[in-house]
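Data first, discussion second: the structure below is written as structure tokens.
The values are calculated or read from the model by the stated rules, or taken from the named source; none is laboratory data. The structure presented is a predicted model; accordingly, all values stated were derived computationally and were not measured. Here the Cβ positions follow ideal geometry from the backbone for every residue, glycine too, while neighbour counts run over all protein chains shown. Only protein heavy atoms, including side chains, enter the accessible area calculation; ligands, DNA and RNA are left aside. Shrake-Rupley method; radii C 1.70, N 1.55, O 1.52, S 1.80 Å.
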Amino acid sequence: MKQTMTAEQWVESRVSIVALEKDVVSSLIEAIHNENIEDGTYIALVYDIVSGSAGQYIPAFALKFFDFEGVDTDNLDNIEDVEFIHDELESYASEVADIINEKLPNEVSVSFGYWEADGTYCLMAYLDEQEYLNHKDESHNFIGEAFGDI
């Protein structure tokens, strides 16, 4: 198994930051309306990447999503080192999220992980509740523009 692009190359070739910002805002609006909050932070599911029904094979499918070569998703029972694949996914996805976070407004952050409700591997967005409350009325601010009418 080998990565075909660095995390930065993957973000540059596969992520539209403008479209991502819109999707993050939309998912956070939904999280705020649904009061999806944990420990003072709104948590929003932005994109499903691999269904939770894939179980222990989620990391293999997720690496394929990130354009890794040599991940044989046709013969999942032949995968011997599931832990290595999981570690590789965690490391690469963390790098990708860090790069994306540098491009997003400071009030919002994203990470890849498992959605608690159904185990789906996904991109999640986070917004501190106090940041939201402090900035929701500022129209010049990313958060204010997105959440001013909530």
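Being over 20 Å from I43 (Cα atoms) and open to solvent by less than 50 Å² (accessible area, probe 1.4 Å) is the filter here, so list the residues in region 2-27 that pass it. Across region 2-27, the qualifying residues are M5, A7, W10, V11, V15. If you go through region 39-80 and keep only what is open to solvent by 80 Å² or more (accessible area, probe 1.4 Å) and part of a loop (DSSP other than H, G, I, E, B), you end up with D39, D74, E80. Consider region 81-112 and keep the residues that are part of a helix (DSSP H, G or I) and over 30 Å from I29 (Cα atoms). The one that is most open to solvent (accessible area, probe 1.4 Å) is E83. If you go through region 29-75 one residue at a time, how many are touching a strand residue (DSSP E or B) at 6+ places or on another chain (Cβ under 7 Å) and closer than 25 Å to A7 by Cα? Residues in region 29-75 being touching a strand residue (DSSP E or B) at 6+ places or on another chain (Cβ under 7 Å) and closer than 25 Å to A7 by Cα: 15 in total.
Taken over region 120-150, residues that are open to solvent by 20 Å² or more (accessible area, probe 1.4 Å) and at pLDDT 95 or above amount to 1. The residue that is nearest to S94 (Cα to Cα), counting only those in region 1-32 that are aliphatic (A, V, I, L, M) and out of contact with any helix residue (DSSP H, G or I) (no Cβ under 8 Å at 6 or more places or on another chain), is V24.
Per-residue answers, yes or no, for (1) modelled with pLDDT of 95 or more; (2) aliphatic (A, V, I, L, M):
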| site | (1), (2) |
| --- | --- |
| S13 | yes, no |
| V25 | no, yes |
| H33 | no, no |
| A60 | no, yes |
| K64 | no, no |
| E83 | no, no |
| H86 | no, no |
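Among residues of region 120-138 that are part of a loop (DSSP other than H, G, I, E, B), those with a Cβ under 8 angstrom from a residue that is of a type in the set (F, W, Y) and modelled with pLDDT of 95 or more, sequence gap 6+ or separate chain, pair up as T120/Y114.
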